[in-house]
Each structure stands twice: as C-alpha cells, then as structure tokens.
Amino acid sequence: MLIRMTKALYLEDSYLKECSSLVVSVKDGRYVTLDQTVFYPKGGGQPWDTGKIVKENEDYNVTYVGKFSDEISHEVDHAGLKVGDKVHCLLDWERRYRLMRSHTAAHVFASLLCTGAGVLVTGNQLEMDKVRFDFSLEKFDRGILEDYIGKANQLFNEDIPVKWYELPREEALKIPGLIKMAEAFPPDIPRLRVVEIVGVDKQADGGTHVKNLKEVGHITLLKTENKGKSNRRVYFTLS
Ligand SMILES: [Zn+2]
C-alpha cells in the first residue's frame, strides 16, 4: 500500500493563507486528512490553526488540527467531506499571523535569556493573548526581565531577516545553542529544520515565523512568578 504523507505547505511558506487540496481520508465524518495543507497542527508550543475547508459552496469550519501517527488531521465542525473531494483550505490568517509574530518573539527572548543570563528554558507555550516561558534561574527579579524585554524590543526595531531551511542532522547539531529547551531533543529524522534569526539565534524548530523582526512589533512583560527554588515563569504579550 502506498502511504502518502500530507504535504505541510506552511513549513516552506508560512505566509500561504490558502491552498487547493484533495481529501485523502475521513474518520468518523469529522477527522480529515488532505494531500497538502496550510493548517499548522498543534505542536512545539504553537497552537493549531483554525479556518475553513470549502467544498463547492459548503464551508466546513476547522476547529482543531493535530498530528496523529505523523499525519495531519483536521477536525471539522460537521460531516460531509468524502475521500477524493476537491477542496479549498482557508486559514484564519489573523490568528495565524499573531502566532507567527509571537513565535519569532519567543525565539528572540529565549536567545537573549540563554546567552545573557545562562538560563535553561524548561517550557514555552504560545497562547493567543500571551506567551509563557518557564526557565531556571537562581537570581531573579522583575528588573532583569524588563531589561531583556527592552533588549528584545530594540531588536524588533531592526531590519533583521528570519530564514528557515533544512540541514543534515549531524551538521545541524553542531550549531551551538540549537536546542534551547532542557530535555528536548529533535526527532530522529535525517534532516532538521532550522529557524535562523540572522545574527541573533538559530533553533531547531518546526513552527511558523515572520520573515523579518520588524513584523513582530513590540512585547510587554505581563507577569513573573516564582515556581520553586530556581524555577521561574514569565508571561509577555505582543503590544
Ligand atoms: Zn520555536
């Protein structure tokens, strides 16, 4: 049997807002896989995309997108799609673009914290209204974090390109700081995707990003929490 993987168009072009697709499988009427998709599935700290799949004149709202057994599954709000249907995918672009800006901002902030304060990032989650970071740091006060937010905002004023590309695993793993998350190591695949913020950061990453730091805008520190001896939590938001 030929196993066809969904082509994840967002990996190459994160600005693609729509695409034509073919329905490859339908489970329980509402879980749909496609030959190619612009919908990002939940993963790597980035929430899933929403939007709609259109068949002829009927809209199927995409309420959740996840990756199951390496396949990208789109959950739609009602049954009706069938294998072989030609459909059109449309992203909720406002939501996705905000997540792209947040994701790139998160990489800049993590990079500054890791190189400047020597912290180990232990968790990171993008939400629609804020970004959460967990990290370990002994000495901790809000002033230090405000400084890093300020430094990040300076970078967001600059014309700094963001690029993404694949490298052979061995070569990628030689890049210092490629893996920022404690205990996170990249999947066992021969080529790794690298997101490079030129002159600032390189990370192994499968998420969607803006292509220039100027698109991020600015970030504001929301709150900081102590979660134990040296475990810290910080929230920032796009402003
Ligand atoms: Zn990332």
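The values are calculated or read from the model by the stated rules, or taken from the named source; none is laboratory data. Bear in mind the structure is a predicted one, so any value in this text is a computation, not a measurement. All Cβ positions, even for glycine, are placed from backbone atoms using ideal geometry, and neighbour counts span all protein chains on display. Calculation scope for accessible area: heavy atoms of the full protein, side chains included, ligands and nucleic acids excluded. Shrake-Rupley method; radii C 1.70, N 1.55, O 1.52, S 1.80 Å.
Please work out if K174 is of a type outside the set (V, I, T) and under 20 Å from the mean Cα position of the chain (by Cα).
So K174 fails the test.
Mind listing whichever residues of the range 5-22 are within 16 Å of the ligand (Cβ to nearest atom) and outside any strand (DSSP E or B)?
Result: Y10, L11, S14.
Report, ordered by the first and then the second residue, all pairs with beta carbons closer than 6 Å, sequence separation of six or more or different chains, a first member in the range 109-132 that is more than 10 Å from Y235 (Cα to Cα), and a second member that is open to solvent by 50 Å² or more (accessible area, probe 1.4 Å) and away from the ligand (no atom under 16 Å from the Cβ).
Filtered contacts from the range 109-132: L112/K151.
Which count do you get for residues in the range 122-134 that are under 17 Å from G43 (Cβ atoms) and either modelled with pLDDT of 95 or more or within 16 Å of the ligand (Cβ to nearest atom) (or both)?
Step one: of the range 122-134, the residues under 17 Å from G43 (Cβ atoms) are 123-128, 131-132.
Still in the list and also either modelled with pLDDT of 95 or more or within 16 Å of the ligand (Cβ to nearest atom) (or both): 123-127, 131-132.
Counting residues in the range 122-134 that are under 17 Å from G43 (Cβ atoms) and either modelled with pLDDT of 95 or more or within 16 Å of the ligand (Cβ to nearest atom) (or both) gives 7.
So, in the range 200-233, how many residues would count as being away from the ligand (no atom under 16 Å from the Cβ) and either in a strand (DSSP E or B) or aromatic (F, W, Y) (or both)?
Here the count works out to 11.
Can you tell me which residue is farthest from Y235 (Cα to Cα) among those in the range 85-107 that are of a type in the set (D, E) and open to solvent by 40 Å² or more (accessible area, probe 1.4 Å)?
Step one: of the range 85-107, the residues of a type in the set (D, E) are 85, 92, 94.
Restricting the remaining residues to those that are open to solvent by 40 Å² or more (accessible area, probe 1.4 Å) gives 92, 94.
Working: D92: 24, E94: 21 Å.
Filtering first and then ranking leaves D92.
With within 16 Å of the ligand (Cβ to nearest atom) and surrounded by fewer than 19 Cβ atoms within 10 Å (Cβ to Cβ) as the only criterion, which of I179, I189 stands out?
I179
Which one is farthest from the ligand (Cβ to nearest atom), of the residues in the range 23-51 that are touching a Cys at 6+ places or on another chain (Cβ under 8 Å) and of a type outside the set (G, A, S)? Reasoning before the result, please.
Filtering the range 23-51 down to residues touching a Cys at 6+ places or on another chain (Cβ under 8 Å) leaves 34, 36-39, 51.
Going one step further and asking which of them are of a type outside the set (G, A, S), we end up with 34, 36-39.
Details: L34: 24, Q36: 23, T37: 20, V38: 19, F39: 18 Å.
Result: L34.
Go through K52, K82 for me and flag whichever is farther than 20 Å from K223 by Cα, part of a loop (DSSP other than H, G, I, E, B) and open to solvent by 10 Å² or more (accessible area, probe 1.4 Å).
Of the residues listed, the single one that is farther than 20 Å from K223 by Cα, part of a loop (DSSP other than H, G, I, E, B) and open to solvent by 10 Å² or more (accessible area, probe 1.4 Å) is K82.
Within the range 129-157, work out how many residues are open to solvent by less than 70 Å² (accessible area, probe 1.4 Å) and not in a helix (DSSP H, G or I). Working first, answer last.
Residues of the range 129-157 open to solvent by less than 70 Å² (accessible area, probe 1.4 Å): 130-137, 140-141, 143-145, 148-150, 152-153, 155-156.
Pick out the ones that are also not in a helix (DSSP H, G or I) and you get 130-137, 140-141.
So the answer is 10.
Return only the number of the condition from (1) more than 16 Å from the ligand (Cβ to nearest atom); (2) under 19 Å from the mean Cα position of the chain (by Cα); (3) among the aliphatic types (A, V, I, L, M) that L145 does not satisfy.
Status for L145: all satisfied but (2).
Might you let me know whether the range 162-174 holds any residue that is modelled with pLDDT of 90 or more, touching a helix residue (DSSP H, G or I) at 6+ places or on another chain (Cβ under 9 Å), of a type in the set (F, W, Y) and open to solvent by less than 30 Å² (accessible area, probe 1.4 Å)?
No, there is no match, as no residue in the range 162-174 is modelled with pLDDT of 90 or more, touching a helix residue (DSSP H, G or I) at 6+ places or on another chain (Cβ under 9 Å), of a type in the set (F, W, Y) and open to solvent by less than 30 Å² (accessible area, probe 1.4 Å).
Of everything in the range 70-108 that's charged (D, E, K, R) and within 16 Å of the ligand (Cβ to nearest atom), which residue is nearest to K52 (Cα to Cα)?
R96
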